[in-house]
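The values are calculated or read from the model by the stated rules, or taken from the named source; none is laboratory data. All figures in this text were calculated on a predicted structure; none of them were measured in a lab. So basically every Cβ, Gly included, is an ideal-geometry build from the backbone, and we count neighbours across all protein chains shown.
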């Protein structure tokens, strides 16, 4: 199995401009790799015959992972989210990183070898055959799941451990994750939503319109009517695509634009507040300080 996983890693390295990816083998048939990427996208087409036996668990720590599936649908992993699939199931899919960076980890499981020689604590669970292969990913389906408090406590412990106990934590947390998966309900309602390309096009058009009109206050209801999209779908799809709510995301853009205007223009703070959609200068000032830690006038003075 180790040789097979190393072939997979080499495939990913070639697709990611040959940046080295190290894999740590924790148990027979189970390996762990940390990913830290600064790349817009890469596509991996797995050709090895054993890919249907290799399961991959991807966890997004920061950034965003965008999947364009073979059927043209899009699914997004945002911080805390994770996915499970066999390597065969992601053949020909395109993985992109819209934020321009991504940090996370990948757990590789050779289902055949792990079934024959499972970790001691999992010997009586049948997790590798009945749960992972037949329950979670039957017929090479892909499961995308939103993170929660319990999964975050598991995945976060893979990071920032002292070197002398790092491997022990990795082994314990892999076992804890697998035990968590045994009792998890994998109904479609529990999984992240897949969006058609037409829906993503609408969401991106809405995003561009909002960022071009930051001086205006536009409601969800107005957007829903203008673009003929259900308000709930609009909110959930926007958060999936951009990793944040519409209000929070546009607020970030407003603050970034305000900072740029403070650096580069001679407009007054009141005029800048109006330009980015704030009728109240005091509210703008409070929001700006929350984002940048200084008042607008201090920021302007420091950057002139």
Margin query: Of the residues 98, 28, only one is surrounded by fewer than 20 Cβ atoms within 10 Å (Cβ to Cβ), in the same structural domain as residue 126 (by TED's automatic domain parsing) and modelled with pLDDT of 90 or more; which?
Written below: 28
Item checked: Residues of segment 232-259 satisfying the condition of being closer than 20 Å to residue 73 by Cα and in a helix (DSSP H, G or I) -> 232, 233, 234, 235, 236, 237, 238, 239, 240, 241, 242
Notebook entry, point to check: Regarding residue 166, is this residue out of contact with any strand residue (DSSP E or B) (no Cβ under 6 Å at 6 or more places or on another chain) and either assigned to a helix (DSSP H, G or I) or under 19 Å from residue 22 (Cα atoms) (or both)?
Noted result: yes
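If the requirement is being surrounded by 13 or more Cβ atoms within 10 Å (Cβ to Cβ) and either in contact (Cβ under 8 Å) with a residue 60 or more places away in the chain or on the phi > 0 side of the Ramachandran plot (or both), which of these qualifies: 223, 210, 181?
181
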Next item on the list: Take the residues in segment 133-148 that are out of contact with any helix residue (DSSP H, G or I) (no Cβ under 6 Å at 6 or more places or on another chain) and not in a loop (DSSP other than H, G, I, E, B), then tell me which one is surrounded by the most Cβ atoms within 10 Å (Cβ to Cβ).
Entry: 136
Margin query: Within segment 240-280, take every residue that is closer than 16 Å to residue 300 by Cβ and touching a residue at least 60 places away in the same chain (Cβ under 8 Å) and give me the one that is farthest from the chain's Cα centre (by Cα).
Written below: 275
Note to self: Given (1) more than 23 Å from the chain's Cα centre (by Cα); (2) touching a residue at least 60 places away in the same chain (Cβ under 8 Å); (3) surrounded by fewer than 15 Cβ atoms within 10 Å (Cβ to Cβ), identify the lone condition not met by residue 159.
What the structure shows: (1)
